[in-house]
Amino acid sequence: MVRIQSSGSNARTVAILGALDTKGAEFEFLKNEIEQRGHRTLVIDAGVLAPPPFSPDVSREDVARAAGVEISSLIEARDRGAAVAAMGRGAEAVVSQLYSGGRFDAIIGMGGSAGTAIGTQAMRALPLGVPKLMVSTLAGGDVTGFVGVKDIVMVPTVVDISGLNRISRRVLAQAAGAICGMAESRVRTTAEKALVSATMFGNTTDCVERARARLEQAGYEVLVFHATGTGGRVMESLVEAGDIAGVLDVTTTEWADELIGGVLAAGPSRLEAAARSGTPAVIAPGCLDMVNFWAPETVPQKFASRRFYPHNPNVTLMRTTPEENAELGRLLSGKLNFSKGPVAVYLPLRGISVISAPGGPFYWPEADAALFDALRRNLRPDIPVYEIDANINDPVFADAVAQGLIEMLESKKMRETV
């Protein structure tokens, strides 16, 4: 059974998710901190080992059953990995159901590796915009596997979650304040506009900013994604979900990292969502002249003889070769050839980034030519290719890609109204 406390009309309900058997005192402290701020709590117990020290709103038995198992069988099996997997599935199902029923406004979790896995699995099932905060012993490292493409805020515990002390109390109190503030926040809604997504890098900023302005003037709302791997994955997920009307994918650089081994790859399904969903898309090979690494000492030794450019002290760019660009052209063509809807490719003949413009440190016309030739040869004959005698950041190129997408979107509207 789920119990919801009554409170003032401005109060929000914060779901608290975690293992009460091993961290009961810490969760009770967190619960009290949230309630002292005038909000309600909904406690979901994902523990396995022992009964909780205080009564949750959703029991561990209910969470296990939501995963199709009994808590007694998990206890008897003594298989920690299987128990974590089951409670993760159960927590995901319970949290999704409760949120769909309007039972909470925000969610906070706390835990070590197992608790973080369970908590974030449940949080990833919630829509973007729902406040999500995970207090984790792992938050100081790479949390990509836990966050995925969702807006989960990770807060480091600093110390392990093992009793309350002067540090853990402060961390938990501040986490409580953070989730309460997130829950209280309300954004003024405006008239709904069709959403367009765009991809951008520092080396394509001028192009995307000008194109964004043109699209907004035409009545569209533009979401710009930083093409850093995570940005590409988030955009793909929104396109796949049907939230995006059109795609201005002029910074496809993540494929260079995927192919060659850089640090900002978006995975092998990049460029597939718009193609498979039929979402109108304008594509350009922006920043395929570069592969991203961190500080210079992180560059693999096998690339020592290559051409590099220090983007900043912590990001090192490596120029792609003609051979790599030819393969990138084939890869992009293969993805775009799946397109069920309108798609067009735009080629900036005077450079695909700021630094590959004539006279720039990555200027290498033979490499660009290999990329362009591979695209021309391998694309489906019905996919148009527009060649613009300009750098990707020149106004004429930005205007061309923006106008191309606007025409696609307007044409689609006319077909749908007939």
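Go through the residues of the range 325-342 one by one and say whether even a single one is in the same structural domain as Glu209 (by TED's automatic domain parsing) and more than 22 Å from Ala274 (Cβ to Cβ).
yes
Please go through the range 26-70 and pick out each residue that is more than 32 Å from the chain's Cα centre (by Cα) and of a type in the set (Ser, Thr, Tyr).
Ser55
Can you find even one residue in the range 303-316 that is assigned to a helix (DSSP H, G or I) and touching a Ser or Thr at 6+ places or on another chain (Cβ under 9 Å)?
Checking the range 303-316: not a single residue is assigned to a helix (DSSP H, G or I) and touching a Ser or Thr at 6+ places or on another chain (Cβ under 9 Å).
Tell me yes or no: at least one residue of the range 200-214 is assigned by TED's automatic domain parsing to the domain that holds Leu375, under 19 Å from Gly341 (Cβ atoms) and at pLDDT 95 or above.
There is no residue in the range 200-214 that is assigned by TED's automatic domain parsing to the domain that holds Leu375, under 19 Å from Gly341 (Cβ atoms) and at pLDDT 95 or above.
So that you can scan it fast, the table gives a plain yes or no per residue for (1) among the basic types (Lys, Arg); (2) outside any loop (DSSP other than H, G, I, E, B); (3) in contact with a helix residue (DSSP H, G or I) (Cβ under 6 Å, 6 or more places away or on another chain); (4) surrounded by 14 or more Cβ atoms within 10 Å (Cβ to Cβ):
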{"site": "Ala370", "(1), (2), (3), (4)": "no, yes, yes, yes"}
{"site": "Tyr386", "(1), (2), (3), (4)": "no, yes, no, yes"}
{"site": "Ile392", "(1), (2), (3), (4)": "no, no, yes, yes"}
{"site": "Val396", "(1), (2), (3), (4)": "no, yes, no, no"}
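Any idea which residue in the range 309-326 is farthest from Ser353 (Cα to Cα), counting only those that are in contact (Cβ under 8 Å) with a residue 24 or more places away in the chain and surrounded by fewer than 19 Cβ atoms within 10 Å (Cβ to Cβ)?
Step by step, filter the range 309-326, then rank; the result is Glu323.
If you take just the helices (runs of 4 or more DSSP H) that sit entirely in the range 1-116, which of them hold at least 2 residues that are assigned by TED's automatic domain parsing to the domain that holds Gly129 and of a type in the set (Asp, Glu)?
20-36, 60-66
Which of the residues belonging to the range 232-250 are without any contact (Cβ under 8 Å) to a residue 40 or more places away in the chain and within 20 Å of Ile392 (Cα to Cα)?
Gly232
Being over 30 Å from Val282 (Cα atoms) and surrounded by 14 or more Cβ atoms within 10 Å (Cβ to Cβ) narrows it down to one of Leu195, Leu133, Leu164, so name that one.
Leu133
Looking at Leu133, Leu128, which is the one that is modelled with pLDDT under 95 and under 30 Å from Ala64 (Cβ atoms)?
From the options Leu133, Leu128, the qualifying one is Leu128.
Residues of the range 138-168 being without any contact (Cβ under 8 Å) to a residue 60 or more places away in the chain and among the polar types (S, T, N, Q), which ones?
Once the filter is applied, which keeps residues that are without any contact (Cβ under 8 Å) to a residue 60 or more places away in the chain and among the polar types (S, T, N, Q), the range 138-168 yields Thr157, Ser162, Asn165.
Could you give me the residue pairs with C-beta distances under 6 Å whose first residue belongs to the range 398-418 and is within 18 Å of Pro384 (Cα to Cα) and in contact (Cβ under 8 Å) with a residue 60 or more places away in the chain, whose second residue is aliphatic (A, V, I, L, M) and part of a helix (DSSP H, G or I) wherever it lies, and which are 6+ apart or on separate chains?
Sorted first by the residue in the range 398-418, then by its partner, the pairs are Ala398/Ala211; Val401/Ala211; Ala402/Ala211; Ala402/Leu215.
Regarding Val234, is this residue under 22 Å from Asp257 (Cα atoms) and crowded, with 24+ Cβ neighbours inside 10 Å?
So Val234 does not fit the description; no.
Give the residue, chosen from Gln217, Gln174, that is out of contact with any strand residue (DSSP E or B) (no Cβ under 6 Å at 6 or more places or on another chain), surrounded by fewer than 17 Cβ atoms within 10 Å (Cβ to Cβ) and outside the structural domain of Thr252 (by TED's automatic domain parsing).
The conditions single out Gln174.
Can you give me the number of residues within the range 275-302 that are surrounded by 15 or more Cβ atoms within 10 Å (Cβ to Cβ) and not in a loop (DSSP other than H, G, I, E, B)?
Final tally of qualifying residues: 11.
The values are calculated or read from the model by the stated rules, or taken from the named source; none is laboratory data. All of these numbers come straight from a predicted model, not from anything done at the bench. Using ideal geometry, Cβ is built from the backbone for each residue, glycine included, and neighbour counts are taken over all protein chains shown.
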